[in-house]
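Reading through the structure tokens given below for one structure.
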Amino acid sequence: MDKRQIIKLLGVSGFVLTIPQPITLFAQNNNNMDKKEFEVIIIGGSYAGLSAAMALGRSLRRTLVIDAGKPCNRQTPHSHNFLTQDGSTPKEISEIAKSQVAKYDSIEFYDGLAVSGKRNNIGFEVTTSKGDVFTAKKLVLATGVKDLMPDIKGFSECWGITVVHCPYCHGYEIRNKKTAIIATGERAFHLASLVNNLTQEITIITSGSKDFEVKQLEKLKQHDIQIIEKEISAIEHHNGQMEKIVFKDGSSEHFESAYASIPFEQNSNIPQELGCKITENGHIEVNFMQKTSEDGIFACGDNSTMMRSVSMAVSSGTITGVMVNHELSQENF
């Protein structure tokens, strides 16, 4: 099935999500649910998971959303680049989304952590840390990723505030500030090219290894972008607001913000437990319909793409919900 067939299937040329300002908050569902069997289980109830749940709820699919309530961006003060919600806090967006999804009667919520998953004669069986077991025909993994913080004092406290990963999500807010890029090689060069129009005070900190090509070094020099090869020992800050970077040789330099490229890992071991293929970059492998390598399992959000933003998560979640419903419809028709 190619993209034109998908568009024909959907009957639309794209997705439009509008979210009005909240009037009331959602009601929590009781964790002691008698109903254990569903058509779909969604593991992860943040932006991608809730977006998938909305599409499924509007198709009257009996769906369970299991969520532990610890999104990776919970420390980020504001979310950006998402139409209708630019500048809202991540929590505000989640609360609006959950309150709207909860209006669909076929959607249930479970507050807790999914710890294991396996196939059964129905489709899939998911067990939580509380020992509850739920089954479903289809499984959606919206489990997110976990950022692995470097051994730098103050780094984690600044992460998502003044030490950020994405100029599209945060670059406008830290424009015209003295900015460090904590990376090396191609990643540092790419970030420098994106950030160059946001601030004229850029310094790349490579922590010992430059790993640049000659042409890249010439381009950086052309734009007056400095390179510091010293290793970082600490980031001095006040409530996440960066003040200076301290190096292992005892020297320090004033910076107001930084971009950092750090490693991550899957937030849940359930994808690997179920045999889902993982890409070289560490994401769950999916096709353009958000299907994983395993039949009946879909993935959406940060766990399956390098494009980490609220809007991207919502988009992938909508596609996932639509395609899960399509699969169920074809099997039942």
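The values are calculated or read from the model by the stated rules, or taken from the named source; none is laboratory data. Note that this is a predicted model, so its numbers are computed, not measured. So basically every Cβ, Gly included, is an ideal-geometry build from the backbone, and we count neighbours across all protein chains shown.
Annotations
- Which listed residue, of Glu265, Glu327, is in a helix (DSSP H, G or I) and acidic (Asp, Glu): Glu327
- Residue count for the stretch 73-122, restricted to those that are closer than 25 Å to Met149 by Cβ and in a helix (DSSP H, G or I): 4
- Check on Gly154, touching a helix residue (DSSP H, G or I) at 6+ places or on another chain (Cβ under 9 Å) and in contact (Cβ under 8 Å) with a residue 40 or more places away in the chain: no
- Helices (runs of 4 or more DSSP H) wholly inside the stretch 141-234 containing at least 3 residues that are in contact with a His (Cβ under 9 Å, 6 or more places away or on another chain): 167-170
- So Ser311, is it touching a Cys at 6+ places or on another chain (Cβ under 7 Å), buried (at least 16 other Cβ atoms within 10 Å of the Cβ) and outside any loop (DSSP other than H, G, I, E, B): no
- Meets criteria (assigned by TED's automatic domain parsing to the domain that holds Lys118 and closer than 30 Å to Thr162 by Cα) for Met289: no
- Qualifying residue in the stretch 273-294 (condition: among the hydroxyl-bearing types (Ser, Thr, Tyr) and closer than 17 Å to Ile41 by Cα): yes
- Residue ID - surrounded by the most Cβ atoms within 10 Å (Cβ to Cβ), chosen from residues in the stretch 229-286 that are of a type in the set (D, E, K, R) and within 30 Å of Phe124 (Cα to Cα): Glu285
- Filtered residue count, the stretch 205-219, keeping only those that are under 14 Å from Ile181 (Cα atoms) and either exposed (fewer than 11 other Cβ atoms within 10 Å of the Cβ) or modelled with pLDDT of 95 or more (or both): 2
- Of the residues Ile225, Ile182, Ile202, Ile161, the single one that is surrounded by 19 or more Cβ atoms within 10 Å (Cβ to Cβ) and touching a Ser or Thr at 6+ places or on another chain (Cβ under 6 Å) is Ile202.
- Failed item, numbered, when Gly131 is tested on (1) outside any strand (DSSP E or B); (2) not assigned by TED's automatic domain parsing to the domain that holds Gly321: (2)
- Taken as a whole, the structure leaves Gly185 outside the set of residues that are touching a residue at least 12 places away in the same chain (Cβ under 8 Å), closer than 18 Å to Cys158 by Cβ and under 27 Å from the mean Cα position of the chain (by Cα).
Yes/no matrix, rows are residues, columns are (1) closer than 20 Å to Ser309 by Cα; (2) at pLDDT 95 or above; (3) surrounded by 15 or more Cβ atoms within 10 Å (Cβ to Cβ):
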residue	(1), (2), (3)
Thr89	yes, no, yes
Gln100	no, yes, yes
Lys103	no, yes, no
Phe109	no, yes, yes
Leu113	no, yes, yes
Gly123	no, yes, yes
Thr127	no, yes, yes
Thr135	no, yes, yes
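- With respect to the stated conditions, Gly131 fails to be touching a Lys or Arg at 6+ places or on another chain (Cβ under 9 Å) and farther than 23 Å from Gln290 by Cβ.
- Output for the stretch 157-180, where each listed residue is touching a strand residue (DSSP E or B) at 6+ places or on another chain (Cβ under 7 Å) and farther than 25 Å from Pro71 by Cα: Lys177, Lys178, Thr179, Ala180
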